[in-house]
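The values are calculated or read from the model by the stated rules, or taken from the named source; none is laboratory data. The structure presented is a predicted model; accordingly, all values stated were derived computationally and were not measured. All Cβ positions, glycine included, derive from the backbone under ideal geometry; neighbour counts span all protein chains shown. These accessible areas exclude ligands, DNA and RNA; they are computed on the full protein's heavy atoms, side chains included. Shrake-Rupley method; radii C 1.70, N 1.55, O 1.52, S 1.80 Å.
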Amino acid sequence: MTIIRGATTVEADTPEEISGAVKELLDEIFRKNKLRKEEADGFLFSLTTDLHSRHPAKAARECGYDFAPLFACTEPETEGSLARCIRVMLFTERPAGSAVSHIYLRGARVLRKDISEIYNIALDGPAGSGKSTVARRLAEDYHILYLDTGAMYRACALKALREGIDPKDARAVGKMLDSLRLEIRYRDGSQHTVLDGEDVSEAIRKNEVSLAASAISAHKAVREKMVKMQRKIASDMSCVLDGRDIGSTVLPDAAFKFFITADSRVRAMRRMKELESRGQKVDFEALRKEIELRDKQDSEREFSPLKKAEDAVVIDTSEKGIEEVVAEIKSLIQSKI
Ligand code: DC
């Protein structure tokens, strides 16, 4: 006897969603394992407590899996578990230890990163569009890594400012790069940016670093070094990356691409609140001008400018709350999987 496992998620607790997801999961298990009906001895489903609208065993029977016993039960509620998830164990007569394909679909792919393909979500857009908050939420919900690429350019800018180097001076910046040691570490699920051995995660958030980061990120040598690091991280594990050129340059093959934008006044207001929450006082009009200048610098630079990838979906967050934006993106992702 061998057991094949699988799991999937649904976007909403509706009978249609559950039936569709159960059928897709079982079809895929049978197809990938070249399984015949008579090889199946029984199915055991479990579902998270947020699903009520359809019994998965009933859904399986209705879509043709009525040739072996079916049973379903509810899982205990555990903190941080994947939402709206259906799991299955399929008992088969294949000899114990047979090589089988366990199937993890949709959002459940994050449950088994070891056997699921690596996928990346690219979120590009101008400063203050809300992309970092959205990226953090998506990474949390899908249990994948969040890589804030802006932090890397900010760290380069901080080093230049500390060493009295003009971030616009290509030669000086190029020389500085030789001695730059940048590491991205993760502690308790959050990113720490480590510059020359020092954790600069807070220091790079200072307002003066923002404009310098925009200027320094225009240099080809800086971009090449940062993009190489970003590609390496994204090839090792599934991540949500936010930046300016992720979908267009860093990961043109990313599975999901979004371009998050908002009106510059709204963005300046958000940035002001963020800085105030960090204890920094700033003038709204000055901040708005600065944001527009950054947009201009980021969009007009020669190497990988801020640009919407052709296949990215544009989301304007000017009049939308975070929850709404996250739900919209998740539903677009779900529809593409
Ligand atoms: O997202 P942020 O504000 O932390 O980014 C700081 C600066 O870094 C931004 O003005 C442009 C630059 N940047 C970039 O050029 N490419 C990226 N992928 C991310 C940020």
So for the range 37-140: antiparallel DSSP bridges make up what percent, rounded to the nearest 5?
60 percent
If you line up the Cα atoms of the range 106-239 on their principal axes, what length do they span on each, largest first, in Å?
48, 27, 25
With just the Cα atoms defining each centre, how far is the range 254-318 from the range 51-68? Give it in Å.
47 Å
Antiparallel DSSP beta bridges within the range 147-244, percent to nearest 5
80 percent
In deg cm²/dmol, rounded to the nearest 500, the helical mean residue ellipticity at 222 nm of the chain, built from -39500 (n - 2.57) for every DSSP H run of length 4 or more, is -12500 deg cm²/dmol
Roughly to the nearest percent, how much of the accessible area of the chain is carbon and sulfur, given a 1.4 Å probe?
51 percent
Report Rg/Rh for the chain, rounded to two decimals, where Rg is the Cα radius of gyration and Rh the Kirkwood radius.
1.07
Between the range 107-183 and the range 187-244, how far is it from one alpha carbon centroid to the other, in angstrom?
4 Å
Loop trypsin sites (Lys or Arg not before Pro), the range 259-337 (other Cβ atoms within 10 Å of the site Cβ: 13 or fewer; DSSP)
ARG278, LYS281
The chain - share of DSSP beta bridges that are antiparallel (%, nearest 5)
50 percent
What is the chain's relative contact order, in percent, from Cα pairs under 8 angstrom and six or more apart in sequence?
20 percent
Under 18 Å from a point placed 7 Å out from the Cα of LYS34 along the Cα-to-Cβ direction: which residues of the range 83-123 have their backbone N that close?
92-103
Can you list, largest first and rounded to whole Å, the semi-axes you get for the range 238-286 by taking the square root of 5 times each eigenvalue of its Cα gyration tensor?
30, 13, 8
For the pairs LYS225/LYS281; LYS168/LYS336; LYS220/LYS330; LYS228/LYS320; LYS225/LYS307, flag any whose C-alpha to C-alpha distance is greater than 31 Å.
LYS225/LYS281; LYS168/LYS336; LYS220/LYS330; LYS228/LYS320
What ³J(HN,Hα) values, in whole Hz, does the Karplus curve 6.51 cos²θ - 1.76 cosθ + 1.60 give for the range 192-202 when θ = phi - 60°, with x put for Gly and Pro?
10, 9, 10, 10, 6, x, 10, 6, 10, 3, 7
